[in-house]
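The values are calculated or read from the model by the stated rules, or taken from the named source; none is laboratory data. Bear in mind the structure is a predicted one, so any value in this text is a computation, not a measurement. Don't worry about glycine lacking a Cβ; one is built from the backbone with ideal geometry, like all the others, and counts go over all protein chains shown.
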Amino acid sequence: MSWLDLADDTLFGLDNLPYGVFSRGEADRQVGVAVGEWVLDVHAVAEGTPLAALFEGGVLNPLMAAGRRTWQDVRGLVLEWLTEPRYADLVRPHLVPVADVTMRLPFEVADYVDFYSSEQHALNASQIFRPDAAELPPNWKHLPIGYHGRAGTVVVSGSPIARPSGQRRPRNADAPSFGPSQRLDIEAEVGFVVGTPSTRGVAVSIEDFREHVFGVCLLNDWSARDIQAWEYQPLGPFLGKSFATSISPWIVPLDALEAARVPGPAQDPETFEYLRTDEPWGLDLAIEVRLNGHVVSRPPFATQYWTAPQQLAHLTVNGASLRTGDLYASGTVTGPEKDQRGSLLELSWGGREPFAVGEGTRTFLEDGDEVAISASAPGPDGRRIGFGEVVGRVLPG
């Protein structure tokens, strides 16, 4: 129980306590923890103690770099601040209403990798682009496929998204043209944030996932499908992806997701040893995608074929090192049903089948459209925890 008055159905209760960075002025940035309808300024509460250095600079990287034992100690201390009445007078002045703050990018992004881990999404994409020869790539069930993205264009929720320009060649055109993307899309994904770095040349074991990953956020992998289609052979995504990737402002600690853990899907053929673990690391996250306020999809994350520990193990198996602030994404989350598709490419079946949005329809995004992705997960004792949302509005190119 908390001395703070929290609603019974809050998604930001004591079971969650996600971290973010907020400001009350343009230059002021502080590390905060979401609790109920407030943000707790943890740096202000910790001022004068050895922990204060973990929250300096208005960024999560110092805390993230400190390692799992420190993450657990800090989480336990914040919980103590919010539950022990003797701390109420100390803490209460540093609780700021969420409505009064601006959320900032919560950490300095070191590297960014995006995976392709939903079997249903991969099958749908194959059927859309190759209807007469639809199948998974031959390597798909042997390794988590991914590409290296652009860390400098990762932005926080609420940042506007300018429609990108580039080369594109429609299917029936004889030559490419240049201009704003006409097939701007979203991908509903989940991001994993690395805290503890690793040594170059040393692979990270799948069993050490919890020692390195600080927490989880929501992610929108904005995609210009027409630019992507013309450029991706033979080296994969480039300008069709690198213009913007949006993340939610709150990083949910792994320890908050214990009740959400479920076994991942059965994997056949058997994976190589470095991708095997007995721990259940599927996550039962309920995702919701809204376009201009209308729900268009509810992708279930538990259906992902490759899990986050497998992705991390594969990411480092060649000796690539981790850095504090590395971000890697799950890839588009798509379930087996039509209303569970995590991209407009799938919802409109490549633009051939417009889908309903309120009283209108869409195939791809129009200028002024706003996309919001939110999610929740099971918590202890039947409660639920939330991730907030990642929002972006499309501006003309």
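Are any of the residues in segment 159-178 out of contact with any helix residue (DSSP H, G or I) (no Cβ under 8 Å at 6 or more places or on another chain) and either β-branched (Val, Ile, Thr) or closer than 24 Å to Leu315 by Cβ (or both)? The answer is yes, given that some residue of segment 159-178 is out of contact with any helix residue (DSSP H, G or I) (no Cβ under 8 Å at 6 or more places or on another chain) and either β-branched (Val, Ile, Thr) or closer than 24 Å to Leu315 by Cβ (or both). Put simply, of Phe355, Phe387 the only residue that is in contact with a Cys (Cβ under 8 Å, 6 or more places away or on another chain), at pLDDT 95 or above and either outside the structural domain of Ala125 (by TED's automatic domain parsing) or of a type outside the set (S, T, N, Q) (or both) is Phe387.
Checked against (1) crowded, with 18+ Cβ neighbours inside 10 Å; (2) part of a loop (DSSP other than H, G, I, E, B); (3) in contact with a Gly (Cβ under 8 Å, 6 or more places away or on another chain); (4) among the aliphatic types (A, V, I, L, M), Val216 passes all but condition (2). When residues in segment 337-374 are screened for being exposed (fewer than 15 other Cβ atoms within 10 Å of the Cβ), in contact with a strand residue (DSSP E or B) (Cβ under 9 Å, 6 or more places away or on another chain) and of a type in the set (Lys, Arg), 1 of them pass.
Among the candidates Pro180, Pro164, the residue that is within 23 Å of Leu347 (Cβ to Cβ), in the same structural domain as Val289 (by TED's automatic domain parsing), touching a Ser or Thr at 6+ places or on another chain (Cβ under 6 Å) and surrounded by fewer than 18 Cβ atoms within 10 Å (Cβ to Cβ) is uniquely Pro180. When His212 is tested against (1) touching a strand residue (DSSP E or B) at 6+ places or on another chain (Cβ under 8 Å); (2) farther than 30 Å from Arg276 by Cβ, exactly one condition is not met: (2). Scanning segment 255-280 for residues that are out of contact with any Gly (no Cβ under 6 Å at 6 or more places or on another chain) and either among the basic types (Lys, Arg) or buried (at least 19 other Cβ atoms within 10 Å of the Cβ) (or both) yields a total of 7. Val289 fulfils the conditions (1) free of Cβ contacts under 8 Å to residues at least 60 places away in the same chain; (2) part of a strand (DSSP E or B) except for a single criterion, (1). When segment 30-75 is limited to residues that are surrounded by fewer than 19 Cβ atoms within 10 Å (Cβ to Cβ) and either in the same structural domain as Ser248 (by TED's automatic domain parsing) or charged (D, E, K, R) (or both), the one that is nearest to Asp8 (Cα to Cα) turns out to be Glu37.
Where strands (runs of 3 or more DSSP E) fall wholly inside segment 111-198, the ranges with 2 or more residues that are of a type in the set (Val, Ile, Thr) and at pLDDT 95 or above are 154-156, 188-194. Scanning segment 293-302 for residues that are within 24 Å of Val262 (Cβ to Cβ) and not in a strand (DSSP E or B) returns Arg298, Pro299, Phe301, Ala302.
Looking at segment 291-299, can you tell me whether even one residue there is crowded, with 24+ Cβ neighbours inside 10 Å, out of contact with any Asp or Glu (no Cβ under 8 Å at 6 or more places or on another chain) and of a type outside the set (Lys, Arg)? Scanning segment 291-299, I find at least one residue that is crowded, with 24+ Cβ neighbours inside 10 Å, out of contact with any Asp or Glu (no Cβ under 8 Å at 6 or more places or on another chain) and of a type outside the set (Lys, Arg), so the answer is yes.
Filtering segment 1-20 to residues that are buried (at least 20 other Cβ atoms within 10 Å of the Cβ) and of a type in the set (Ser, Thr, Tyr) leaves only Tyr19. Of all residues in segment 272-316, those being more than 18 Å from the chain's Cα centre (by Cα) and over 22 Å from Leu345 (Cα atoms) number 12.
The residues on offer are Ser118, Ser23, Ser126, and the sole one that is surrounded by 15 or more Cβ atoms within 10 Å (Cβ to Cβ), without any contact (Cβ under 8 Å) to a residue 12 or more places away in the chain and within 30 Å of Arg150 (Cα to Cα) is Ser126.
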